[in-house]
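Q: This is the structure, below, for whatever I ask next.
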Amino acid sequence: MNRARVLWQRVPAPVVDIILVAVTAVDVWLNLWDATRTDVALAALGCAALAFRRRFPLGVFLLTLPVAVTQPVAVAPLVALFTLAERCRNRRLLAGCVALAAVASSVPWPAAFTEVGRTMTLIDFVYSLATAVVPVLFGQLLQAHRDLARRLVEIEEAREYERSLHAQAVLARERAQLAREMHDVVAHQVSLIAVRAGALQVAAGDADAKEAARTIRSLSVTTLDELRTMVTLLRASGGNATELTPQPTLADLHKLLESSGTHADLKGELPPTVGTPAQRALYRTVQEALTNARKHAPGATAHVELWQDGDDVGVTVTNSPPTRPSLSLPGSRQGLVGLRERADILHGTLESGPTAEGGYRVRLRIPLSAD
């Protein structure tokens, strides 16, 4: 039965309407063989009106009533009643239409109100009433089935939303726990490293040792600031009242250069139409390039240039050769890898490598419309 219903639902609605009009026309043609031209015209109008039963169910039902008057059991009014019951939620209107269809089917045509005729009319009315109730019940059943299916979909969507909220709550708790661990353990250890490095810088007598201690302290302080920013973000996403830290944009480049610990200058500017993701990528590129210059090229100067080339924008960071030996610091090279991944996401390119003068250059190019 389910398979037959699925197949029937796949039939286009106009095809179904044409079939119903044809069936009711055959029904009228078989039963009105001795009718007048007026009866035939009214019956034809009622059958043709079934093509519009989906848009005007009540009007089509009223147009099919002459068919019910001229023949005992007509298919057209039953189809119209079914369509009306399938779409209407007014029970009083449906009850009135059932009574009207029963009266139209039971009224003698032509009228003959003899004593026997009245009795037969009453019997016909009861029979017609029972006949008219059947399509209404089927229509209401189909309407209830659709309402139930819609309600089940809404319940499933609500459950899916609740599952999503639960997953987000679990993730928020895990982030809050991770933030506490980073604050209580990692940040504390990095703070101790910075303090110890500062003490070593003061107590050391060798210039190289002082420089190494200064570098360790500087890196520790920078790492501590980044850890605090990460803790703030994790706590914010964990559901606490702390608000998310605004993501950096091109307007923050001057502040970045001033706090980079490297002699750097900024040239060029970009149009205000550069999207936020592109601005963030440009900022992170400059940040990573200056960090690498500070770590691997002590005493070097850096030049940051913002530029636009047609539909592309970008930034080039070039640092000069180091003026003093660099310390052997551990590095995972994940910074440049992350920048390349960010560039790929924005459909851009990242180029990096040493210069002919012994320095290093990082160049990012991304579309102006990157979003």
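The values are calculated or read from the model by the stated rules, or taken from the named source; none is laboratory data. As the structure is a computational prediction, the values presented were derived from the model and not from experiment. Cβ atoms come from the backbone with ideal geometry, glycine included; neighbour counts cover every protein chain shown.
Q: Quick check, is residue 128 surrounded by 14 or more Cβ atoms within 10 Å (Cβ to Cβ) and modelled with pLDDT under 80?
A: Details: surrounded by 14 or more Cβ atoms within 10 Å (Cβ to Cβ): yes; modelled with pLDDT under 80: no.
When the stated conditions are applied, residue 128 does not pass them.
Q: What pairs can you find where one residue is in segment 44-55 and over 14 Å from residue 74 (Cα atoms), the other is not in a helix (DSSP H, G or I), and their Cβ atoms are less than 9 Å apart, with a gap of 6+ or different chains?
A: So the pair list comes out as 49/56.
Q: Being touching a residue at least 12 places away in the same chain (Cβ under 8 Å) and either closer than 30 Å to residue 146 by Cβ or not charged (D, E, K, R) (or both) is the requirement here; does residue 41 meet it?
A: No.
Q: Inside segment 269-279, can you point out the residues that are surrounded by fewer than 17 Cβ atoms within 10 Å (Cβ to Cβ) and within 15 Å of residue 343 (Cα to Cα)? Let's see the steps before the verdict.
A: Let us first name the residues in segment 269-279 that are surrounded by fewer than 17 Cβ atoms within 10 Å (Cβ to Cβ), namely 269, 271-273, 275-277.
Those that are surrounded by fewer than 17 Cβ atoms within 10 Å (Cβ to Cβ) and within 15 Å of residue 343 (Cα to Cα): 275, 276, 277.
Q: OK, next. Output the residues belonging to segment 29-48 that are crowded, with 16+ Cβ neighbours inside 10 Å and either in contact with a strand residue (DSSP E or B) (Cβ under 8 Å, 6 or more places away or on another chain) or at pLDDT below 75 (or both).
A: Hits for segment 29-48 are 31, 32, 35, 39.
Q: Here is a follow-up. Check off (1) of a type outside the set (Lys, Arg); (2) assigned to a helix (DSSP H, G or I); (3) in contact with a helix residue (DSSP H, G or I) (Cβ under 9 Å, 6 or more places away or on another chain) for residue 337 and give me the number that stays unchecked.
A: With (1) of a type outside the set (Lys, Arg); (2) assigned to a helix (DSSP H, G or I); (3) in contact with a helix residue (DSSP H, G or I) (Cβ under 9 Å, 6 or more places away or on another chain) applied to residue 337, the lone miss is (3).
Q: Okay, moving on. Here are some residues: 325, 248, 277. Which one is at pLDDT below 90, part of a loop (DSSP other than H, G, I, E, B), out of contact with any Ser or Thr (no Cβ under 6 Å at 6 or more places or on another chain) and under 25 Å from residue 365 (Cβ atoms)? Full working, then the answer.
A: Values: 325 fails: under 25 Å from residue 365 (Cβ atoms); 277 fails: part of a loop (DSSP other than H, G, I, E, B).
The match here is 248.
Q: Where the second residue is polar (S, T, N, Q) and assigned to a helix (DSSP H, G or I) and the first is within 30 Å of residue 98 (Cβ to Cβ) and lies in segment 138-163, which pairs have Cβ atoms under 9 Å and are six or more apart or on separate chains?
A: Listed by first residue and then by second, the contacts come to 139/83.
Q: Right, here's the next one. Considering 148, 178, which residue is aliphatic (A, V, I, L, M), in the same structural domain as residue 209 (by TED's automatic domain parsing) and either surrounded by 12 or more Cβ atoms within 10 Å (Cβ to Cβ) or at pLDDT 80 or above (or both)?
A: Values: 148 fails: in the same structural domain as residue 209 (by TED's automatic domain parsing).
Unique residue meeting the criteria: 178.
Q: Taking segment 193-215, which residues are loosely packed, with under 13 Cβ neighbours inside 10 Å and either more than 18 Å from residue 324 (Cβ to Cβ) or in contact (Cβ under 8 Å) with a residue 60 or more places away in the chain (or both)? Before you say what the answer is, go through the steps one by one.
A: Within segment 193-215, the subset loosely packed, with under 13 Cβ neighbours inside 10 Å is 195, 199, 202-203, 205-208.
Once the filter is applied, which keeps residues that are loosely packed, with under 13 Cβ neighbours inside 10 Å and either more than 18 Å from residue 324 (Cβ to Cβ) or in contact (Cβ under 8 Å) with a residue 60 or more places away in the chain (or both), segment 193-215 yields 195, 199, 202, 203, 205.
Q: Restricting attention to segment 18-65, which residues are of a type in the set (Lys, Arg) and in a helix (DSSP H, G or I)?
A: Step one: list which residues in segment 18-65 are of a type in the set (Lys, Arg), which gives 37, 53-55.
Hit for segment 18-65 is 37, nothing else.
Q: Which number in (1) touching a residue at least 12 places away in the same chain (Cβ under 8 Å); (2) touching a helix residue (DSSP H, G or I) at 6+ places or on another chain (Cβ under 7 Å) marks the one condition that residue 173 misses?
A: That leaves (2) as the condition not met.
Q: Okay, next question. Considering only segment 66-97, how many residues are surrounded by 17 or more Cβ atoms within 10 Å (Cβ to Cβ), within 46 Å of the chain's Cα centre (by Cα) and part of a helix (DSSP H, G or I)?
A: Kept after step one, since they are surrounded by 17 or more Cβ atoms within 10 Å (Cβ to Cβ), are these residues of segment 66-97: 66-71, 74-86, 88, 94, 97.
With within 46 Å of the chain's Cα centre (by Cα) added as a condition, the list becomes 76-86, 88, 94, 97.
Then drop every residue that is not part of a helix (DSSP H, G or I), which leaves 76-86, 94, 97.
Total satisfying the criteria: 13.
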